[in-house]
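Heads up: the structure comes next, in structure tokens.
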Amino acid sequence: MPRLLLAPMLLAAAGAAQTLPDNPGRELFEAVCSECHPPAKVLGQQKTRAEWQLKVTEMLQEDPDVTQAERDTIINYLAASFPKKTKVNQAAAAELKDVLEIPASQAEAIVRYREQNGSFKNLNELKKVPGVDGAKLESVKARLEF
């Protein structure tokens, strides 16, 4: 391919790569996933860790050269960079459990508390729910919408 045609393609690829979050695993994600599609294809997507795991498994099902450790790194990158968000004041317990990766008992406690006390205004109010791990909620606060 002539260099004049190749240069714009490389610049476009570099521009797309810059829009991806710079979290651990980014380089591996770009290297593995760019073999089939532009890595920027994930921009705007939001999935739970389990949903990202299914997607990575589906996409790499016929690629034995990618180890399980590499797959896990890609899943961790995607889950951290493109998490599914939940509306705390509307979500059912099952959604809270999946999106926040908390035990069902804690998700149910959030819903009960919300039904008895009204909507949550912020993370500090959510942390007041008895039996809910405040540190865990702090670690997933990017997934919360009030």
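Here residue 114 does not qualify as over 24 Å from residue 136 (Cβ atoms), surrounded by 18 or more Cβ atoms within 10 Å (Cβ to Cβ) and at pLDDT 95 or above.
For region 130-146, a residue qualifies if it is outside any helix (DSSP H, G or I) and touching a Leu at 6+ places or on another chain (Cβ under 9 Å), and the qualifying residues are 132, 140, 144, 146. Selection over region 79-125 of residues that are under 29 Å from residue 21 (Cβ atoms) and acidic (Asp, Glu) gives a count of 4.
I'd like to verify a number: residues in region 115-129 that are assigned to a helix (DSSP H, G or I) and within 23 Å of the chain's Cα centre (by Cα), how many?
Residues flagged as assigned to a helix (DSSP H, G or I) and within 23 Å of the chain's Cα centre (by Cα) within region 115-129 amount to 3.
For region 59-80, the set of residues classified as at pLDDT 95 or above and part of a helix (DSSP H, G or I) consists of 68, 69, 70, 71, 72, 73, 74, 75, 76, 77, 78, listed by residue number. Using the structure shown, decide if residue 99 is crowded, with 18+ Cβ neighbours inside 10 Å, at pLDDT 95 or above, not assigned by TED's automatic domain parsing to the domain that holds residue 25 and not hydroxyl-bearing (Ser, Thr, Tyr). Spelling it out, it is not the case that residue 99 is crowded, with 18+ Cβ neighbours inside 10 Å, at pLDDT 95 or above, not assigned by TED's automatic domain parsing to the domain that holds residue 25 and not hydroxyl-bearing (Ser, Thr, Tyr). Out of 78, 60, one residue alone is crowded, with 19+ Cβ neighbours inside 10 Å and of a type outside the set (S, T, N, Q). It is 78.
The values are calculated or read from the model by the stated rules, or taken from the named source; none is laboratory data. No experiment lies behind these values; they were computed from the predicted model shown. Positions of Cβ are backbone-derived with ideal geometry, glycine not excepted, and every protein chain shown enters the neighbour counts.
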